[in-house]
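Some notes on the structure that comes next.
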Amino acid sequence: MQDSEDLEPQSVGECRQRRDWPKWQEAIQSELNSLVKRKVFGPVVQAPNGIKSVGYKCVFLRKRNEKNEVQRYKARLDAQEFSQNPSIDYEKTYSPVMDAITFCYLISFAVHEKLACI
């Protein structure tokens with residue numbers, strides 16, 4: 001049987017009850033700072049009647065090395081987008097993600113053109 005401290009917490013409340021709470025607290029604050037820096041949050045407004053807000057879930061994970069020692073604590077705030085319907089809840093989507101091939105091309109292009117990073 002696994003010790004409850006071996007399992008990843010499922011909520012902030014569970015994180016608070018653990019001996020490693022200060023590390024989880026730091027991970028949570030780091031995620032919130034990142035979201036604020038990227039201006040993810042806008043003003044809080046009342047949803048119109050009949051409109052269901054998108055839910056969210058906090059995900060907690062400990063990154064481990066090859067010896068199974070905890071190297072880093074991570075917290076992530078995930079939107080529960082599965083509750084949305086295309087053409088009803090949204091028209092377009094945007095994800096600021098670049099695939100590996102494009103990234104490699106841009107790096108090789110920058111090196112070839114001797115472009116300097118500032």
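Read the figures in this text as sums done on the coordinates, not as results from a lab. Small disclaimer: the values here were computed from a predicted structure and weren't measured. A quick note on method: Cβ atoms are made from the backbone with ideal geometry, for glycine too, and the neighbour counts reach across all protein chains shown.
In terms of its C-alpha gyration tensor, the range 41-83 comes out prolate, because a/c is 1.5 or above and the ratio a/b outweighs b/c.
How high is the FRET efficiency from TRP21 to LYS57, r the C-beta distance, R0 25 Å, rounded to 0.05? If you can, show how the numbers build up before the last one.
Values: r = 20 Å, r/R0 = 0.78.
Working from the Cβ atoms, E equals 0.80.
One decimal place: the segment VAL70-THR102 gains 8.2 nm when fully extended, by the rule 0.36 nm per residue minus the C-alpha distance. In order along the range 95-109, phi translates into HN-Hα couplings of 9, x, 10, 10, 6, 5, 5, 4, 4, 4, 4, 5, 5, 5, 5 Hz, rounded to whole numbers, per the Karplus curve 6.51 cos²θ - 1.76 cosθ + 1.60 with θ = phi - 60° and x for Gly and Pro.
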